[in-house]
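The block underneath contains the structure these notes are about, expressed in structure tokens.
Please treat every number below as a calculation from the coordinates, not as lab data. For clarity, every value in this text was computed on a predicted model and none was experimentally measured. Positions of Cβ are generated from backbone atoms using ideal geometry, with glycine treated the same way; all protein chains shown enter the neighbour counts.
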Amino acid sequence: MESLVQNILNALQWGSFYALIALGYTLVYGVLTLINFAHGDVFMVGAYIAFFVSTFLLTTLGLPGWGVLILAIPLTMFFTSLVGVTLERVAYRPLRRKGAHRLYVVITALMAGLILEHANLAILGASRKAFPSLIEEQVYNIGGVVFTNLKLGVIFTAAAVFVLLNFIVTKTKIGMAMRAISYDKFAVPLMGIPIDQIIVFTFILGSSMAGLAGLLFAMSYPVLEPYMGALIGWKAFIAAVVGGIGDIRGAFIGGFLLGAVEIMVVAVFPSTYRDLIAFSVLLIILAVRPTGLFGVARHTKI
Amino acid sequence: MKRYNVQIILAVALAILAYLAQEEIIGKYALSVLMFMGINVILSTSLNLVNGYMGEFSCGHAGFMAVGAYVSSVLGVMLFAKDKVFGPALLDPSLSIWVFPLIVIIGGIAAALAGLLVAIPSFKTRGDYLAIITIAANYIVISVVENIDTIGGARGFMGMKSVVKAMGKTIDMPWMPIWVFIFTILSVWIIRRFISSTFGKGVPAINQDEIAAEIMSVNTNKMKMVAFMLSSGLAGVAGALFAYILGYVNPGSFTILKSTEVLVMVYLGGMGSLSGSVLSAILFTLLLEALRPLQIIKWVVVPFLLILLMQFRPEGIMGNRELPDFFPRLKRFYAFKD
């Protein structure tokens, strides 16, 4: 019983990362029907930005740990969204203006991810970076279930982000515009909606959440390396797809589902089976329900 | 005479290649670059069948390559070499010349069966979702290999060099370049015949309009299955040759990065252009070798080049056209079919 509760807590934490990253995929896909394959690497860049920001604040300015954390959250989100927006401006927008085939944009995204990864490797070297500890980790033990304040913080943040984003997308005007673009890309500009601004806003939302995830991830697992974004990015993407890409609820449920599957697999099998089973689950879900759990099938018309 | 021009040219090229390799006029390095060129040609043409002609977005080609590489390596080592795990050689090493092509083909067949992993979901799933299935298939293959300890797991598997040596001992010839050349030509030939056949016309038909194709009596499910299996099978052949050239395989060589490399070659050459794929595979191999001194920056330069390509010439070098469309005079030497 205790180990079950413990595993559920671990799954919630692990799933929170997937959910936060999956959001970026799902938001961009929902608006542009573009798989932003560079998003996993934007998450990696976010973790590095968090590293530099917090080391700078800690050592140069000599702030205390909690102060650094309070400043690092908005700064990391800001700089990471700058990266995302730059990607959109430099790589995706020119292609969209030309009306290029979607496939070309997807390839550009894949390549942009590779560039981020290897530019990082070339500039910072292959050595891993150790993330400084910002807050004192407190371990609670209630009835044999062990958890830390950090773990609770991660889960709480993910929940808060979900509520916030759900509110933005369903209740605000800009959210309505986002949904409208995904519904009909050609009619939306005619209604006087500035399509480019909405798209930039979408990228800001997605990338800043990736930055937040990067910061939290670096705090939880304080070792940074350039390839960390690739695998987590792919898996978060899987989470988004399993939930039904383009739907925020789907991204969260998919993220937590994948987190739960992985933690349960590790609890029962050797840990090397984790990827194997996670990807097999994806394959089965997609084969049975090709549009994911929440996705709506779009029927092809003749 | 016109009918046999290409065959004669290829036979002469093979003879020259074998002679140069035998007398060691071209160095080991140049030879290995040439062999990797051949492998890249197989990879890019076979992926072009799915990504170009059928219009799907498969990005897990390296997974099938891994299946071919591992199956054929294990088989070859089991039959012809002394190994810690598999014990002494089962067959006489002098037989290796005759059995080697069979081993490569069995690797290809195994990869084709692995291709079913993608082919069967593709009946219902299309587009982005299918792309994900291919990525998942790639990861699944890698994790399976990593979890089987008898074939070395993540450490890799070796011993194929002794099979190659056994071939060389029986008849003293540079066997690997010869086999790579033959299989490269064979696979390009198979894809060309398939695409230009009446049966194979179903593949571009699916690309144009799947529903219309079905109405025109194309069995789309069967067509998809054939295309995916042929494509992954040829990738397996390429993987088998790759394993025997290096003499060592590990799961790390068949990750998404390798698949991306193949994707780059396909889109560089142009979707739906076989000669484009061949050309771009050759150019890309040379480019990678030329950029080798840059080390890690190479992987910044190559994606950047592709991004530029997507911005300014998204259809690739050749677009949808073939070589004779650019050089009509080639038709004098060979009767190209449409």
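For peptide B:311-323, the mean count of partner chain Cβ atoms within 10 Å of a residue's Cβ comes to 2.
Grab the other residues whose beta carbon is less than 15 angstrom from that of B:Pro174, score K and R as +1, D and E as -1, and report the net.
On the way: positive: B:Lys28, B:Lys161, B:Lys165, B:Lys169; negative: B:Glu23, B:Glu24, B:Asp172.
That sum, taken over residues with Cβ under 15 Å, equals +1.
With neighbour counts taken as other beta-carbon atoms within 10 Å, the residues B:Met65, A:Met191, B:Met173, B:Met225 rank, fewest first, as A:Met191, B:Met173, B:Met225, B:Met65. Cross-link reach is defined here as a Cα-Cα straight distance under 21 Å, omitting same-chain residues fewer than 8 places apart; for A:Lys171 the lysines meeting it are A:Lys185. For the range B:104-234, the Cβ-based charge dipole about the Cα centre amounts to some 340 debye (Lys, Arg positive; Asp, Glu negative; other atoms uncharged). Every Cα-Cα pair of the range B:160-231 was included, and the share exceeding 17 Å stands at 58 percent.
Legend: ranking of residues B:Ser44, B:Ser196, B:Ser277 from fewest to most surrounding C-beta atoms inside 10 Å; resulting order B:Ser196, B:Ser44, B:Ser277.
Measuring against 25 Å, Cα to Cα, the residue pairs A:Lys129/B:Lys298; A:Lys173/A:Lys235; B:Lys161/B:Lys258; B:Lys28/B:Lys161; B:Lys161/B:Lys224 contain A:Lys173/A:Lys235; B:Lys161/B:Lys224 as the ones spanning a longer distance. The fewest-to-most ranking of A:His118, A:His101, B:His61 by surrounding Cβ atoms within 10 Å reads A:His101, A:His118, B:His61.
Seen from B:Ala213, the other residues with C-beta closer than 11 Å to its C-beta sum to a net charge of -1, counting Lys and Arg as +1 and Asp and Glu as -1. About its Cα centre, the dipole of the range A:2-288 is roughly 840 debye, where the only charges are +1 on Lys and Arg Cβ and -1 on Asp and Glu Cβ.
From helices alone, chain A scores -24000 deg cm²/dmol at 222 nm; the rule is -39500 (n - 2.57) for each run of n ≥ 4 DSSP H residues, then divide by the residue total. Any idea what log10 I(q)/I(0) is at q = 0.09, 0.13 Å⁻¹ for the range A:2-288, Debye with uniform C-alpha scatterers and no solvent? For the range A:2-288, the Cα-only Debye profile gives -0.43, -0.90.
For the protein assembly as shown, the Kirkwood estimate of hydrodynamic radius, built from reciprocal distances between every pair of different alpha carbons, is 26.2 Å.
Peptide A:272-282 has a mean of 5 when you count, residue by residue, the C-beta atoms of other protein chains within 10 Å of its C-beta. Loop sites only, by DSSP: take the GluC sites (Glu not before Pro) in chain B that have at most 12 other C-beta atoms within 10 Å and name the longest stretch containing none of them. Result, exposed sites excluded: B:25-338. Taking 17 Å as the straight-line reach from the Cα of B:Lys124, the aspartates and glutamates in range (excluding those fewer than 8 positions away in the same chain) are B:Glu56, B:Asp209, B:Glu210, B:Glu214.
Hey, got the average number of other protein chain Cβ atoms within 10 angstrom for residues in B:260-270?
Per residue, the number of nearby Cβ atoms from other chains is 2 on average.
Taking the range A:87-142, which GluC sites (Glu not before Pro) meet the DSSP loop condition and have no more than 16 other C-beta atoms within 10 Å? In loop regions of the range A:87-142 (DSSP not H, G, I, E or B), the sparsely surrounded GluC sites (Glu not before Pro) are A:Glu136, A:Glu137.
Can you spot the lysines whose alpha carbon is less than 28 Å from B:Lys331's alpha carbon? Ignore those fewer than 8 places along the same chain. Reachable lysines: B:Lys2, B:Lys201. Provide the net charge surrounding B:Gly159, with neighbours chosen by a C-beta distance below 14 Å and charges set as Lys +1, Arg +1, Asp -1, Glu -1. Cβ neighbours under 14 Å give a net charge of +4.
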